[in-house]
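Report on the following structure.
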Amino acid sequence: MSLIAAIRQLSALVLVLTLSTAIHAQPEPSDAQRQAATEVAESLRYGHYADVSLGKAWSREAFQRYLDVLDGQRAYLTQADVDEFRGLERRLDDVLYDGDLEPVFALHSRYQQRLESRLNWILDRLDEGLNYTYDDDDRLELDRDEAPWAASQAELDELWHKRLKNAALSQILNDLDDEQVIDNLRQRYEGQLSRVRQTNSEDIFGLFMAAMTSTIDPHTEYMSPRQGESFDIQMRLSLEGIGALLQSEGEYVKVSSLVPGGPAERAGVLEPADRIIAVGQEDEEEMVNVIGMRLDEVVDLIRGPKGSVVRLDVVPAQAVDMTRSRVVEITRDTVNLEDQAASSEVVDIRRDGHNHRVGVIKIPTFYVDFDAWQAGEDEYRSTTRDVAREVESLKEQGVDGIVLDLRNNGGGALQEANSLIGLFIDRGPTVQVRDARGRISLYGDTESGSLYEGPLGVLVNRLSASASEIFAGAIQDYGRGLVLGNRTFGKGTVQTINDLSHGQVKLTRAKFYRISGESTQHRGVEPDIVFPSLLDPEIIGESTLDNALEWDTVRAVQYRNYGEPWRYLEELSARHRERVASHPNFIYLESQAELARELREEQTSVSLNREQRQREMEELESRQLGLENDRRRALGLELLDDWVDARGEDQEESEPAEHAKLLESAEVLLDYTLLSERR
C-alpha cells in the first residue's frame, strides 16, 4: 500500500470515529422550499402556456427525468437503488403539490452516497497506481443515457475501470508520463469529491425542481435566490465575463453560442459546441479541471474583473477525441451597445462586363437603449434606427440590393424586430402572439411608407433565433425578399419571470406565430435557398431540446404580397448550384458537414487500445486536415500542418468558409434582381 493510501485510510478512520454523525447527516428540505414547490406546482398547472396536467402519467415521466438529472449516464446507481425508490414514480405529483420533499431528498441522498463511494474508489485505484495495459480490444461506450441500470456494484466497477482507463489514455496520448497522469486525475476526482461533500439543501432542491420543470418544456425553470442574481446561467455570463452562452452536456460544459460583440466572439477562439475542460486565471499557473463540475461553478470560475484574463482549455467541436484540446486566452470585458450595433459593407460583383454593388448590413442582435428611450432622449440607440442609417448610406452608394445578415443573432427586443420590418413594408401585421388562454394579439407596423423598396435578402443560420425568426418569417411571408442560409433555431416561445416566496419561476406564457399562421417554434424558418453548414442541427436548435413545445398553426391574417420570389426559386437554385459546385469554400463546407454526420452516426464508442486509438485519431484528423488544405490549395493559401491551427487565424488572410456564404448571398440576390428586372 502506498503512503498516500495509508494516510487516506487513517484519515477516514479518524473521521468515522470522531465525526460519523456529521458526515452522515444529510441536508433536509426547508419550510421555504416546501412552500416554493407548492407554488411552482400551481404555476405550472394554471400559468403555463400548455395545458399542463400534473397527474400520474406526468409523475412517471418526472421520476425518469429526476433520475436522468441525477445519473443520466447510469454510472452510479444500480437497478436495486432505482427499484427501492420506484414508489415515487406514482406520487411525484403529490410530492410537488404537498411540498412533501423528504422522499426526493432521500433519493438524492442515495445517489450522493453512491457518488462519494465511487469517487473514493477511483482515488484508491489512483493510489494503488494505474497498472493498465493498452493493448486489448476493449472499447468504452460514449453515451449511456439509454443503457439499462447496472445489476450490481461489480458491473459498475467494470464500467469505471474502463472510464478510468480512458481518462488515463487520453492524457497519455497528450504525451504525459504516468506520474503526471495520476496527479492530474487525482486533482480532478479530489475536486469532484470536495464539491460533492459541500452539497447543501438548496443544491438538492434546485436539481429536483430542474427535473420537474423541464418535463414541461426546456425554457420553464425554477431559479433559486442565488440563480436569480444571474437570471439564467444558460442565457448569459456576467456582463464582465467572456460573452458566451454555456450549457451542461453530460460531464462537460459546452458553448451553446457566443454573445454578439462579446469578448469571446472578438477573440475568435471559441465556437458553438466547443467543450471547456479546464479554467485558469492569468496569475495562476495551475488550471482547474472542470470535467464533472456543475455549470454554475464553472461560470463562477470564468467570471472576473473587467480587463483580467481567463484561460480556457477547450476541446474544439470538430475534435475527434477529447485529447485534442488547446488553451486559449480571453480578456474579460463588458458587452457594449456599440459592439452590438448594426454595420454595413458593400460587395462588388463583376457580371458580363458590368460592375454591380450589393449592400450587406450585419445585425448582431435586436437592441434598444431602454434607459435613454424611457428618459425621452431623441437620439437613443436601437437596431431599427441604426439599420435605417446604414440603409440610407447604402442607397447613397447606389447598391443594387441589400442583404441583412442575421446569422448568430439570438434575438432581443421584440419591438425592434417589429419596427425593423416596418423599414421594408408599408404598414401591416408582423407577428401573432397567442397566450395561455388562447387569446391572440396581433403586432404590426402602423407607420405609412417604407425606407427601402429595393431587392432584399435575409441571411440566417441555426443560431438565428426568436426575434430574428420573426423578422425572417415576415419578410418571407410578405414576399418582400429571399431568405438564405440554414434553418433557424426554432425558439418561438415567450417566457416571464414570476417571484415566489423562495426564488423565482421562469414560465413559458405565450407562443409566436407568423402572419401566415405558422409557428416559428421547433421548426424555425426554412430558407428559400439552403447553404451547407458546420452547425449540426442534430446538436444545436430547439428541436434537439427535450420536451420542446411542438410546431403548430393558427389562422393566417390578411396581408399583401410585395413580390413573388418563389417564381424564381428554381432558376435561382440552379444558378447557385452551378456557382458553388466548384467553389473551394462551399466544397469544404459540404464535405465537413457530411463528415460530422458520419462521426455522429458511427463514433458511439472509443477504443482503449493505444495503437488503435492513435490510428483512429490520425485517420480522422487526416481527413479533416485534407479537407481544409484542399480548400486552401484551391484558394492559393498557405497549407496547414494541423487542422486545429486554423482556429483564431486572421480571418481576411484565411478567407474563412463562413464568409463565402455572405458573398454567395450577394450573388443570389443579384441574380434575383436581374431576373426581376427582366420580368
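Within segment 395-425, the residues that satisfy the criterion of being over 32 Å from the mean Cα position of the chain (by Cα) and either buried (at least 22 other Cβ atoms within 10 Å of the Cβ) or not in a helix (DSSP H, G or I) (or both) are 397, 398, 399, 400, 401, 425. Taking segment 541-590 as the search range and keeping residues that are basic (Lys, Arg) and assigned to a helix (DSSP H, G or I), which one is nearest to the chain's Cα centre (by Cα)? Looking at residues that are basic (Lys, Arg) and assigned to a helix (DSSP H, G or I), I get 577. Here residue 327 clears all of (1) β-branched (Val, Ile, Thr); (2) exposed (fewer than 15 other Cβ atoms within 10 Å of the Cβ); (3) in contact with a Pro (Cβ under 7 Å, 6 or more places away or on another chain) except the condition numbered (3).
Among the residues of segment 111-137, count how many are of a type in the set (D, E, K, R), surrounded by 16 or more Cβ atoms within 10 Å (Cβ to Cβ) and either over 30 Å from residue 27 (Cα atoms) or not assigned by TED's automatic domain parsing to the domain that holds residue 77 (or both).
Residues of segment 111-137 of a type in the set (D, E, K, R): 114, 116, 118, 124-125, 127-128, 135-137.
So of that shortlist, the ones also surrounded by 16 or more Cβ atoms within 10 Å (Cβ to Cβ) come out as 114, 116, 118, 125, 127.
Checking which are either over 30 Å from residue 27 (Cα atoms) or not assigned by TED's automatic domain parsing to the domain that holds residue 77 (or both) leaves us with 127.
Summing the residues that are of a type in the set (D, E, K, R), surrounded by 16 or more Cβ atoms within 10 Å (Cβ to Cβ) and either over 30 Å from residue 27 (Cα atoms) or not assigned by TED's automatic domain parsing to the domain that holds residue 77 (or both) in segment 111-137 gives 1.
Taken together, 46, 66 contain a single residue that is aromatic (Phe, Trp, Tyr) and either over 22 Å from residue 215 (Cβ atoms) or at pLDDT below 95 (or both), which is 46.
Taking each residue of segment 396-425 that is among the aromatic types (Phe, Trp, Tyr) and looking for partners that are part of a loop (DSSP other than H, G, I, E, B) with beta-carbon atoms closer than 9 Å, six or more apart or interchain, yields 424/450; 424/451; 424/452; 424/453; 424/478; 424/480; 424/481; 424/562. Please find, within segment 432-457, the residue that is surrounded by the most Cβ atoms within 10 Å (Cβ to Cβ) out of those that are out of contact with any Ser or Thr (no Cβ under 9 Å at 6 or more places or on another chain) and among the aliphatic types (A, V, I, L, M). Going through the qualifying residues, I end up with 456. Of the strands (runs of 3 or more DSSP E) lying entirely inside segment 252-362, those containing at least 1 residues that are small (Gly, Ala, Ser) and closer than 19 Å to residue 659 by Cα span 252-258, 343-351, 354-362. Screening residue 64 on (1) of a type outside the set (Gly, Ala, Ser); (2) more than 18 Å from residue 165 (Cα to Cα); (3) surrounded by 16 or more Cβ atoms within 10 Å (Cβ to Cβ); (4) within 30 Å of the chain's Cα centre (by Cα) shows it passes everything except condition (3). Among the residues making up segment 333-363, those that are touching an Asp or Glu at 6+ places or on another chain (Cβ under 8 Å), at pLDDT 90 or above and not β-branched (Val, Ile, Thr) are 342, 343, 344, 355, 356, 357, 359, 362. Listed residues 499, 528, 546; which is modelled with pLDDT of 95 or more and of a type outside the set (Ser, Thr, Tyr)? None of the others qualify; the one that does is 528.
Residues in segment 570-602 that are surrounded by 12 or more Cβ atoms within 10 Å (Cβ to Cβ) and of a type in the set (Ser, Thr, Tyr) were compared, and the one that is nearest to residue 635 (Cα to Cα) is 588.
The criterion of being over 22 Å from residue 617 (Cβ atoms), crowded, with 17+ Cβ neighbours inside 10 Å and not hydroxyl-bearing (Ser, Thr, Tyr) does not hold for residue 276. For segment 591-618, a tally of residues being in a helix (DSSP H, G or I) and not basic (Lys, Arg) returns 16. Checking each residue in segment 577-623 for being over 30 Å from residue 73 (Cβ atoms) and basic (Lys, Arg) picks out 577, 579. Among residues that are closer than 30 Å to residue 31 by Cα, touching a strand residue (DSSP E or B) at 6+ places or on another chain (Cβ under 9 Å), touching a residue at least 24 places away in the same chain (Cβ under 8 Å) and buried (at least 17 other Cβ atoms within 10 Å of the Cβ), residue 491 is not included.
Any residue that is surrounded by fewer than 17 Cβ atoms within 10 Å (Cβ to Cβ), at pLDDT 90 or above and hydrophobic (A, V, I, L, M, F, W, C) - is there at least one of those in segment 293-311? Yes: segment 293-311 contains one or more residues that are surrounded by fewer than 17 Cβ atoms within 10 Å (Cβ to Cβ), at pLDDT 90 or above and hydrophobic (A, V, I, L, M, F, W, C).
Only a single criterion out of (1) closer than 14 Å to residue 207 by Cβ; (2) within 29 Å of the chain's Cα centre (by Cα); (3) of a type in the set (Phe, Trp, Tyr) is not satisfied by residue 105, namely (2). Here 136, 127, 93, 83 are screened, and the one residue that is under 33 Å from the mean Cα position of the chain (by Cα) and either assigned to a loop (DSSP other than H, G, I, E, B) or among the acidic types (Asp, Glu) (or both) is 93. Mind checking whether some residue in segment 551-574 is charged (D, E, K, R), assigned by TED's automatic domain parsing to the domain that holds residue 494 and at pLDDT below 90? No, the conditions are met nowhere in segment 551-574.
The values are calculated or read from the model by the stated rules, or taken from the named source; none is laboratory data. These figures come from a predicted structure and were not determined experimentally. For neighbour counting, all protein chains shown are included, and Cβ atoms are generated from backbone atoms with ideal geometry for every residue, glycine included.
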